Amino acid sequence: MNGNQTYILFNTVSVGAAYFMLGLSLWLAPVDLSTKGYWAMGILLLTGSLVNLVKYRTDERIAAETTAKIEKARNEKLISEYVGKD
């Protein structure tokens with residue numbers, strides 16, 4: 001396994017353990033079922049929001065990198081055409 005796969009595996013196991021412990025504490029909480037359901041909905045909505053935020057930030061970074069590559073290639077082409085006019 002390379003470093004990136006190890007990092008992904010570690011994070012996956014950590015998130016799984018955190019959700020397991022959170023679910024267990026939710027199950028054992030001395031509150032009504034409706035309160036547990038409300039807390040569970042909050043956890044699910046927070047999880048969905050975090051996934052969307054991470055995806056948005058990743059897409060934004062990839063778009064910026066792609067734009068930078070296109071601009072760099074365009075500038076290199078302009079420079080090579082300008083230098084080639086001699």
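Data for the structure
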| quantity | calculated |
| --- | --- |
| Carbon/sulfur fraction of accessible area - the chain, other protein chains in place, 1.4 Å, % | 69 percent |
| Correct option for volume of the Cα convex hull per residue in Å³ [calculated from the coordinates] among [x] 86; [y] 446; [z] 103 | [x] |
| With Cα atoms, 0 to 90° folded angle of helix 3-28 axis to the chain main axis | 30 degrees |
| Proximal charge balance of GLU71 [Cβ under 13 Å; K/R count +1, D/E count -1] | +2 |
| Crossing angle, helix 33-83 versus the chain [Cα axis fit, 0-90 degrees, rounded to tens] | 10 degrees |
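The values are calculated or read from the model by the stated rules, or taken from the named source; none is laboratory data. Fair warning: this is a prediction, and the values are worked out from it, not measured in the lab. Neighbour counts are summed over all protein chains in view; Cβ atoms, including those assigned to glycine, are modelled from backbone coordinates with ideal geometry. Keep in mind that these areas ignore ligands, DNA and RNA; they rest on the heavy atoms of the full protein, side chains included. Shrake-Rupley method; radii C 1.70, N 1.55, O 1.52, S 1.80 Å.
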